[in-house]
Amino acid sequence: MKNEQRHKEAVKSLLKVADEIYTHLDKGHIPTMGVPSRTKTNITFNQRQMVWKLGKSKTLRSAKKLDGAYMLLRTLYMIEFIEAMIKANKSSTLREMYYISEGWDKAKFGAQDESNKLAEDLEVVTAHMREDFKLRPEEDGARVIGNITVNEKNRKGVEKKINCRDDVGDSGYSIPYNVELDKVKFGDCDVDFIIAIETGGMFDRLVENGFDEDSRAALVHLKGQPARSTRRFIKRLSEEKDVPVVVFTDGDPWSYRIFASVAFGAIKTAHISEYLATPTAQYVGITPSDIINYDLPSDKLTDKDVQALKSELTDPRFKDPFWTNEIKLQLDLKKKAEQQALAKYGLDYVTDKYLPEKLGEMGLLK
Amino acid sequence: MTSLGIAEELAKKHKEISVAEFFERNKHILGFDSPTKALLTAVKEGVDNALDACEEAGILPDIHVEIRKGKRNEFKVVIEDNGPGIIKKQVPHVFGRLLYGSRFHAIRQSRGQQGIGISAAVMYGQLTTGRASTIKSKTARMDTAVTMQLMIDTKKNRSEVLKEDFFVWDGKEHGVRIEMFMEGRYVRSKQSPLEYLRGTAIVNPHASITFIEPDGLKHVFERVSEKLPDPTEEIKPHPTGIELGIFMRMLKSTDKLKVRTFLQTEFESVSYRVADEILAKAKLDRTIRVKDIDLDRGRAILDAISKVRIQAPSKECLSPIGDILIRKGLRNVLDGAKPDFYSPPITREPRVYKGNPFQVEVGIVYGGQLPREHQVQVLRFANRVPLLYQQGGCAITQAVEGMDWRRYGLDQKGGRGIPHGPAVIMVHIASTKVPFTSESKEAVANIAEIIEEVQKGLRACARRLQTHLNKKVRKKKAREKFDIVQQILPMIAEKSSELVGKPVPALGPVITQIMNVIWIDDTVEYQKKRHKITLTLYNYTPTGKKLSLYAEVPANCIDDKSFSLAPTRMRSSGKIRWDLGRIKTTEKLDITFDLKGLDKRDFDECELYVSGITAANVIGAEALPGDWDIDGEEPELAEIDPEVASAVASTELDDIPVEPEEKDEDTHPIEKEKARPDMDVIPMEEKRVKPDKNTLPKEEKKAKPDKDTAPKGEKKAKPERDTLPMGDKKARPERDTIPKEEKKVRPDKDTPRIDKRKASPDKSPPPPKKQIKSTRDKPPKKHVQSKLEGLM
Ligand SMILES: Nc1ncnc2c1ncn2[C@@H]1O[C@H](COP(=O)(O)OP(=O)(O)OP(=O)(O)O)[C@@H](O)[C@H]1O
Ligand SMILES: [Mg+2]
């Protein structure tokens, strides 16, 4: 679908939402708007796409309640804003939209969280991506180093070939916020696997140790909870070039969620899981078993950690024997470990010993 | 045992034993049983006397109290007033002789009763320190003031003047100053001179009181009312409930020959007709002589008295504080705790116990910084004197304890005992003879009639508190919805119609679905010494509604001419009723009127009640309580049930936005001037004649002849009798003229009562519509555009 067309369709869908509210009022009904609820109890596994997607349960926003009435009003203002923006052929960041909402009288948001969430709601309700609304995140994409060639259209509309090993500095290739086909195409790809790394420290360690060349790997820095574009980039690369993906994070409950968002889809973005998730992605570590097996320096779990682990036990995405066992083990150990705890055995230990061993088990390194 | 009985005994005894000895033996009943209490009692006796004297002389009291610490546990107590003073000759008697007083034989509401008080203080001082007291006095007629040092000759019960002098009292026209020395212990507890003076200030808002504590700390209780209590009249005993012994003694000492004359002249409220009725009921001849009455016949007469309906004693012998002044007094003293709410105080009608008229007043203060966890503080007062001791043995306390306070929003274990919560309860009993449990006048005796009256007052006042709290809670809950329909929904309508390019839809149906209540707002503004009250009724239900609205405001301050909508009924007691015509769905109705002659803080909010509609569907007013309209009219419970009627008939009609009758009403506005004389309100002249009396109940009854069937009328007659003031007799001739006027009222009843000039400018949902208009092309949109420009 051409860009123009996508935006037009998006506006049309948005106006349908407004029309529904109007029609309610016109017929003398209390206006409502159903929004699929984005909670862990409302995600279901899609066998065909192998990702976790939103289920059927909806929350009804009704003008009968003050919160609901505010949400409906904000929805209308946001629709008006997006419509005007597309008409004017502009785009804005989510943050800019939040600031603009200051002028929306009673419809203004209390915090950017709220406006971000409403934008996501509109994605869900209209089945469009927020890029179609010309809304983009201000977050910069993550870094990539490895022997992959990316053809990226620059601002002048000219396609540029960038080799992510030879044409970049130490910080690598930076993933743009739009990684769709009209912007990013993949050229040659000479790697055996993609390794997505949670922390910058570990990313830099692998770069310094030359892990990408030695092990024929593409290194992707996730920067904590990965941005949509990073996940989309990983998914496209993995599927189009048929390269396996592994995820390497700290050994704590929050990191498992990072893995889950890459592999299964995040709850917040479950409505677009099929765009973002890479179902074949595997987890390297740090696992709770690693803490024992490698005798890693560890920290005590905090109350919040324990809570998060327990919540993961009831999270359908973690319902498999591997995760159940590991999480239970960690609850017993009451410990967590960082990726960089491997430095206990020297700076090269991670590339010389730990990763080769773990990746070997997975059959990714010979 | 009554105090009169004891006093008599005392009088007999003081001949046989020395007064000192008697005092020593009885200092507990006189309030001097501990050093702590002695200081309090001394101050109290002095201040009570000062207030009595000032009031009798018609002087606004300025009272100065000082307690100074001397050597060891010796204190100097000083009480000075600006009262009429005491003539030189009387000074030694007043202060140096027990059982010498001016009030002993008078049946009248005053603080002093026994003629013991101040001389007991002097005596206590003398016994504990051996020192004389100094009295300074000046009357207006005396050229110079007199000062006397005196002691009491305890053998003779006579005072001994040690020294006397004339002197020039700087700038003082009249008044008394007492200086006494006594053993004591100064505290600041709940039972202390400070607490006593604080209480005194509450119930005597017309007094200015300064108090200097031993450490030099000065407390000033300013005068907050320039109005002296109404002067009280001395009265004869009322026959109801009089005791046989007293009755027999009265028979013995009368100079009347016939019982009939005796009854008529020596008792309150007994006419010859009533006397005859009594004698007939007692099966005695109406010519029977006084000397022929033996104990049995006496008893028969008392029996008969209890069966004959006798008018309540005249109010003139009692001087209640009144709701507005109670409130002023409470505010003056308790405002430091920043209470949320001063429940409108209750002044009950006078009643009688054992032949003595009494009157109960109640006030409740709630919230703010009053302690939430503690027991409620009960402030007890008798004849404007705070009672600080023997709380447990007092009828007032028992009345409080015997009520279930839980339903009024206070904590109370098992529904008995002193409740807990952030409240202060004040109860005042005014009587020509307060039945104290002892001479020290610390607690009111447990008398059924009194407890009953106190509880009635407490209930009424607590209900006002409850009403206020309910209203607050319900409004808070419903406020959200109000915001939705008033603000958010109109914006949703506007924005969505803009986006889809269609006309703004009518919001009436949605608004009524969301709210489905009658919303009543009351606002009070104080301007130019007037409380401007606006009551706004929004009908946020899907159908038209008819209802009666009742408002209660302080007595005697409504400006009759200020009503934007003439009330259906109104009383000088501050009760107003409107039988409102149908308010159409999503319409509103404003009613405005003024109160005049009140200070700003005398009034915060109306009490609002409704009838003729399910109160659960009303926010901002409560269901009319059954006993609301005590002075006559019974609450009307729905002539037609508008809920039912409108649900069936008016749905379609009401939802049609154009109303044909509108025009009609515009061309026939109700003219206030015309409407007024026909209105069922108290005519101004009558008010002037009897400023304080409610003579209306009877007329009220006639106003509704169609409704009133015989048995009902009789039921109503009862309470009237009790509450009917003496003045009623005078009122009688007028009664005949009133029904005629009433007839004129009738036709008016059918004319629409909603003041359309006020009510109708906004036709369909009024506030929303206005907003919709004004928000077209408004800034936010421009804002968006300019921001976008900035983005390029
Ligand atoms: N400050 C005063 N100014 C004028 N008259 C006073 C003053 N104090 C007392 N009297 C007069 O002296 C009388 C005696 O006072 P006292 O306190 O002994 O008795 P009482 O007030 O009549 O009764 P009780 O014993 O109940 O106090 C009073 O009745 C009053 O007439
Ligand atoms: Mg006295």
Task: Candidate set from segment B:98-113 (those that are modelled with pLDDT under 70 and within 7 Å of ligand 1 (Cβ to nearest atom)); member that is farthest from the chain's Cα centre (by Cα) - done: B:TYR100
Open item on the list: For segment A:106-140: of the residues being within 14 Å of chain B (Cβ to nearest Cβ) and modelled with pLDDT under 85, which is nearest to A:GLU9 (Cα to Cα)?
Closed with: A:ARG136
TODO: Working only within segment A:76-101, note down all residues that are at the interface with another protein chain (Cβ under 9 Å from one of its Cβ atoms) and either within 14 Å of A:LEU14 (Cβ to Cβ) or touching a Cys at 6+ places or on another chain (Cβ under 6 Å) (or both).
DONE: A:LEU76, A:TYR77, A:ILE79, A:GLU80, A:PHE81, A:GLU83, A:ALA84, A:MET85
Task: Restricting segment B:42-92 to residues that are at pLDDT below 95 and of a type in the set (S, T, N, Q), the residue that is nearest to ligand 2 (Cβ to nearest atom) - done: B:ASN49
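Condition check ((1) among the basic types (Lys, Arg); (2) farther than 25 Å from A:GLU312 by Cα) across all residues:
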site	(1), (2)
A:PHE203	no, yes
A:ASN209	no, yes
A:ARG216	yes, yes
A:ARG232	yes, no
A:PHE248	no, no
A:THR269	no, no
A:TYR283	no, no
A:ILE286	no, no
A:ILE291	no, no
Open item on the list: Criterion first (crowded, with 22+ Cβ neighbours inside 10 Å, in a helix (DSSP H, G or I) and modelled with pLDDT of 85 or more) does B:PHE95 satisfy it?
Closed with: yes
Task: Filter result (in contact with a Phe, Trp or Tyr (Cβ under 9 Å, 6 or more places away or on another chain) and part of a loop (DSSP other than H, G, I, E, B)) within segment A:109-143 - done: A:PHE109, A:ALA111, A:MET129, A:PRO137, A:GLU138, A:GLU139, A:ASP140, A:GLY141, A:ALA142
TODO: Please determine, by comparing only the residues of segment A:2-38 that are farther than 27 Å from A:GLY55 by Cα and within 28 Å of the chain's Cα centre (by Cα), which one is nearest to the other protein chains (Cβ to nearest Cβ).
DONE: A:LYS8
TODO: Mind telling me which of the residues A:GLU312, A:GLU274, A:GLU326 ends up being charged (D, E, K, R) and either under 28 Å from A:GLU240 (Cα atoms) or assigned by TED's automatic domain parsing to the domain that holds A:LYS117 (or both)?
DONE: A:GLU274
Task: Residues that are within 16 Å of ligand 2 (Cβ to nearest atom) and assigned to a helix (DSSP H, G or I), drawn from segment B:24-37 - done: B:ILE29, B:LEU30
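Which residue, of A:LYS235, A:LYS223, is outside any loop (DSSP other than H, G, I, E, B), assigned by TED's automatic domain parsing to the domain that holds A:PHE186 and among the basic types (Lys, Arg)? I'd like the intermediate steps shown before the answer.
Values: A:LYS223 fails: outside any loop (DSSP other than H, G, I, E, B).
The unique qualifying residue is A:LYS235.
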Task: Residue match in segment B:325-334 (condition: free of Cβ contacts under 8 Å to residues at least 40 places away in the same chain and either assigned by TED's automatic domain parsing to the domain that holds B:MET248 or crowded, with 20+ Cβ neighbours inside 10 Å (or both)) - done: no
Task: B:LEU30 being more than 14 Å from ligand 1 (Cβ to nearest atom) and either within 14 Å of chain A (Cβ to nearest Cβ) or in contact (Cβ under 8 Å) with a residue 24 or more places away in the chain (or both) - done: no
- [ ] Report, by residue number, each residue of segment A:47-84 that is farther than 21 Å from A:ASP113 by Cβ, buried (at least 23 other Cβ atoms within 10 Å of the Cβ) and not small (Gly, Ala, Ser).
- [x] A:VAL51, A:TRP52
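Which of the residues that make up segment B:78-92 are assigned to a loop (DSSP other than H, G, I, E, B) and either more than 8 Å from ligand 1 (Cβ to nearest atom) or more than 33 Å from the chain's Cα centre (by Cα) (or both)?
Residues satisfying the conditions are B:ASN82, B:ILE86, B:ILE87, B:LYS88, B:LYS89, B:GLN90.
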- [ ] Go through segment B:42-62 and give me each residue that's over 25 Å from the mean Cα position of the chain (by Cα) and more than 8 Å from ligand 1 (Cβ to nearest atom).
- [x] B:ALA42, B:VAL43
Task: Within segment B:438-548, helices (runs of 4 or more DSSP H) holding 3 or more residues that are touching a Phe, Trp or Tyr at 6+ places or on another chain (Cβ under 9 Å), modelled with pLDDT of 90 or more and within 14 Å of chain A (Cβ to nearest Cβ) - done: B:489-500
TODO: Return yes or no: is B:VAL168 in contact (Cβ under 8 Å) with a residue 60 or more places away in the chain, assigned by TED's automatic domain parsing to the domain that holds B:SER34 and more than 13 Å from ligand 1 (Cβ to nearest atom)?
DONE: no
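The values are calculated or read from the model by the stated rules, or taken from the named source; none is laboratory data. Computed from a prediction, not measured in an experiment: that's the story for all the values here. Note that we place each Cβ from the backbone using ideal geometry, even for glycine, and neighbour counts take in every protein chain shown.
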